[in-house]
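The values are calculated or read from the model by the stated rules, or taken from the named source; none is laboratory data. Remember, it's a predicted structure, so these values are computed and weren't measured experimentally. Using ideal geometry, Cβ is built from the backbone for each residue, glycine included, and neighbour counts are taken over all protein chains shown.
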């Protein structure tokens, strides 16, 4: 079988490619150039280490080591349109986006699936810690958590459709991270000890507010910081400086820790309060994708994750219309943040997910 492997230059995708080749498949390595490698801001690199020129070189070296062809495809325009522009508009609207979902599923996987079809490849393989399984009884594909709970990346893949899952392979999903590194070492791969990247590649210094300001045509409007009773406590320089649950950088002297409870774009208000006020029992989600292809009938028991590193929490979810859902937690959850992804699970299965409204 001819398989296209998305090679980022990291150890996970490198091992995914090696495993596919070892299994006897005809493997083609593809790496994405996502931004102008020459771009700088005030003389410093405009982008971080993730998907850098060094990563592209690493991917090419690994492809040579395992004896497969390797190509670099330029996705700068698609990356800006799908990931960067969404990131900026969401922050400007008072929401906190998670660009890795758009990048991994909406850009990388969806676009590579199209390229794979053009190359007469039957499948696309990536280095994600997740699994896909065809259930003969249900006659559909299931998206499952990765076996390594500490590295599970199924949260980032909730947008995948049945058609995409039909052409998806996750060769490292049944392995632990130590197993992946050990396999890379046995093969003598140059990336065996390469550290993982945890940054947002286009915000290398972590200063999202400054990045958003550079991208916007006009400066974001200022507004008031108020408590939950409406009392004005201070002023702010734009909603893009804040996210729900934030404590530091509020610029307030109240004598006790204050947290961002809510952002109100219509009034340019930042509402703050004590930590105990952060808890919420319900959320509404938009852009909901159900892995089965259709929404479940009636209320459904799940565990839900509202951030990548959030502990799953028991809840009941119900479709509230096309692409929308309403979820009720059994117990209050801290800092339910508009713009973040909420993903629904039943055991090891991903039921679906959407964007917190």
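Listing for the model above:
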read-out	value
Filter pass, residue 295 being buried (at least 16 other Cβ atoms within 10 Å of the Cβ), in contact (Cβ under 8 Å) with a residue 24 or more places away in the chain, touching a strand residue (DSSP E or B) at 6+ places or on another chain (Cβ under 6 Å) and not in a strand (DSSP E or B)	yes
The one condition in (1) touching a strand residue (DSSP E or B) at 6+ places or on another chain (Cβ under 6 Å); (2) buried (at least 20 other Cβ atoms within 10 Å of the Cβ); (3) under 22 Å from residue 25 (Cα atoms) that residue 69 fails to fulfil	(2)
Output for the stretch 306-336, where each listed residue is outside any strand (DSSP E or B) and touching a strand residue (DSSP E or B) at 6+ places or on another chain (Cβ under 6 Å)	306, 312, 323, 336
The stretch 254-284, residues that are more than 27 Å from residue 304 (Cβ to Cβ) and assigned to a helix (DSSP H, G or I)	266, 267
From 234, 206, 251, 287, residue being outside the structural domain of residue 155 (by TED's automatic domain parsing), assigned to a loop (DSSP other than H, G, I, E, B) and either more than 30 Å from residue 128 (Cα to Cα) or modelled with pLDDT of 95 or more (or both)	251
Selection status of residue 340, within 20 Å of the chain's Cα centre (by Cα) and either assigned by TED's automatic domain parsing to the domain that holds residue 146 or loosely packed, with under 15 Cβ neighbours inside 10 Å (or both)	no
Filter result (more than 28 Å from the chain's Cα centre (by Cα) and in contact (Cβ under 8 Å) with a residue 12 or more places away in the chain) within the stretch 179-220	187, 188
Filtered residues of the stretch 1-36 (kept if part of a loop (DSSP other than H, G, I, E, B) and more than 25 Å from the chain's Cα centre (by Cα))	1, 23, 24, 25
Filter pass, residue 109 being under 25 Å from residue 294 (Cα atoms), modelled with pLDDT of 95 or more and in the same structural domain as residue 27 (by TED's automatic domain parsing)	no
Checking residue 275 against (1) closer than 30 Å to residue 132 by Cβ; (2) in contact with a strand residue (DSSP E or B) (Cβ under 8 Å, 6 or more places away or on another chain), the condition it does not meet	(1)
Any hit, the stretch 316-323, residues being closer than 24 Å to residue 243 by Cα and not assigned by TED's automatic domain parsing to the domain that holds residue 140	no
Test: residue in the stretch 297-305 that is in contact with a helix residue (DSSP H, G or I) (Cβ under 7 Å, 6 or more places away or on another chain) and modelled with pLDDT under 95	no
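For (1) modelled with pLDDT under 95; (2) in contact with a helix residue (DSSP H, G or I) (Cβ under 7 Å, 6 or more places away or on another chain), each residue gets a yes or a no:
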position	(1), (2)
4	no, yes
11	no, yes
15	no, yes
21	no, yes
26	no, no
32	yes, yes
41	yes, no
54	yes, no
